[in-house]
Amino acid sequence: MVEAQTWATRRMSNPRLDEQVVEIPPTPPGELRQGSSTATSSPTVMTALIIASWYLSNIGVLLLNKYLLSFYGFRFPIFLTMLHMLSCAAYSCAATRFLHLVPLQHLHSRHQFLKILALSFIFCFSVVCGNTSLRYLPVSFNQAVGATTPFFTAVFAFLITCRTETAPVYLALVPVVLGIVVASNSEPLFHLFGFLVCVGSTAGRALKSVVQGILLTSDAEKLHSMNLLLYMAPLAAFILLPFTLYIEGNVLAFTLHKAKGDPFIVFLLLGNATVAYLVNLTNFLVTKHTSALTLQVLGNAKAAVAAVVSVLIFRNPVTVMGMAGFGITIMGVVLYSEAKKRSKVTTH
């Protein structure tokens, strides 16, 4: 009798137990449990494969560019960039018009076209400078300089839009720049012109991201990244054509002469151009299956992986101070990402 009263008292002390009845479902058979785990792991495997493809394409195009421009004797960075743009134009057309990977978006006005043309000029400048720097600098140092993109993004955002960041964000940029100073002073293969064009390439990437955010902000003009590439790539190739003919006018004669003795150069150039498009495609797929923040984190790690792989393949000399400087820069980029994330949370 005492036990019954105690139980009744406990029931009355928690009225939610009287209002809710929890039914425990029966345990599914082993086949269903196995099928459920397989369905859960399938997207994870797909995401892992996409991330691996993104890493391979990014590092692959860097190594192929370095091999062509520095070791193979193909000293035509402008033509190589134009070839990349033609490849991106052709593959983007196939992906949007025939494979329907993303819905095709059309340009609505001449004003929108002029905005994309302006972005194409900046895009050309950035890619040409990046490819040119690989003639003079090792991939490891190229990636170290490229990791300073957040610094230039913050500078251009302030100069163009007067947008300011929080104090922790600006403090995080100090190790980003400090690391490059340390790495530059101790880089055995430092080349001043190569360093300057590499900085120009990094600044160009940052400027493109800021200008793109300004020019294509309205809902009517906003383009998907794959559609933007579809319109930018042929414009960029058209812009680069006169520079190629004027500065690298003997590129076709050189390529044909080289192909007669070594037909492998044709497959090398076509493969290089295809991998250049895969960089953009896998970049989109990683963002689609993860998030933009995950892409940023993976990009920080990609710079370090590319540097290590290039040292193992090309055997370029490195110093302890150079590695320390690269490490400081990467640490600064990570701190910058965290500070930006926290500032957005505080703002919202």
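To the nearest µm²/s, what D does Stokes-Einstein give for the chain at 25 °C and 0.890 mPa s, using the Kirkwood radius over alpha carbon pairs as Rh?
106
Using just the alpha carbons, could you tell me how many Å³ per residue the convex hull of region 55-188 encloses?
Details: hull volume 22.5 nm³, N = 134.
So the per-residue Cα hull volume is 168 Å³.
If you roll a 1.4 angstrom probe over the protein chains with everything in place, what fraction of the accessible area of the chain belongs to carbon and sulfur, to the nearest %?
C and S fraction of accessible area: 70 percent.
Counting only Cα, what are the radius of gyration and maximum Cα-Cα distance Dmax of region 205-292, in Å?
When restricted to the Cα atoms of region 205-292, Rg and Dmax are 17.5, 53 Å.
Could you state the accessible area per residue of the chain in Å², with a 1.4 Å probe and every protein chain left in place?
For the chain, the per-residue accessible area is 56 Å².
On a C-alpha basis, how far is the centre of region 93-152 from the centre of region 300-319 in Å? Whole number, if you could?
The distance from the Cα centre of region 93-152 to that of region 300-319 comes to 24 Å.
Going toward the positive end of the dipole of region 139-277, with +1 on Lys and Arg Cβ and -1 on Asp and Glu Cβ, which of Val197, Val177, Pro150 do you reach last?
Farthest towards the positive end: Val197.
Loop sites only, by DSSP: take the trypsin sites (Lys or Arg not before Pro) in the chain that have at most 14 other C-beta atoms within 10 Å and name the longest stretch containing none of them. Write out the running numbers ahead of the final one.
Numbers: sites that count: Arg163, Lys222, Arg315.
For trypsin sites (Lys or Arg not before Pro) (loop position, at most 14 other Cβ atoms within 10 Å), the longest site-free span of the chain is 1-162.
Can you put His224, His111 in order of accessible area, largest first, using a 1.4 Å probe?
His111, His224
What pairs from Lys66/Lys344; Lys115/Lys258; Lys115/Lys302; Lys208/Lys340 go past 29 Å between their alpha carbons?
Those over the limit are Lys66/Lys344; Lys115/Lys258; Lys115/Lys302.
How much solvent-accessible surface does Thr319 expose, in Å² to the nearest 10, with a 1.4 Å probe and all protein chains in place?
Only protein atoms counted, so the area is about 50 Å².
For region 140-253, just the Cα atoms, rotate onto the principal axes and tell me the three extents in Å, largest first.
Projected onto its principal axes, the Cα set of region 140-253 covers 46, 46, 22 Å.
For labels at Leu312 and Val45 in the simple 7 Å Cα→Cβ model, what's the distance in nm?
2.5
Based on DSSP H runs of at least 4 residues, each adding -39500 (n - 2.57), what is the mean residue ellipticity at 222 nm of the chain after dividing by all its residues, to the nearest 500 deg cm²/dmol?
-26500 deg cm²/dmol, from helical runs alone.
Note down the nm distance, to one decimal, between modelled labels 7 Å out along Cα→Cβ at Leu295 and at Phe71.
3.0
From Cα pairs below 8 angstrom and at least 6 apart in sequence, can you work out the relative contact order of region 57-199, rounded to a whole percent?
Working: 83 pairs, mean separation 43.7, N = 143.
Value for region 57-199: 31 percent.
The values are calculated or read from the model by the stated rules, or taken from the named source; none is laboratory data. Since we're looking at a predicted model, the values are computed, not measured. Methodologically, a virtual Cβ is constructed for each residue, glycine included, from the backbone with ideal geometry; neighbour enumeration extends over all protein chains shown. Surface areas here come from the heavy atoms of the whole protein model, side chains and all, with no ligands, DNA or RNA. Shrake-Rupley method; radii C 1.70, N 1.55, O 1.52, S 1.80 Å.
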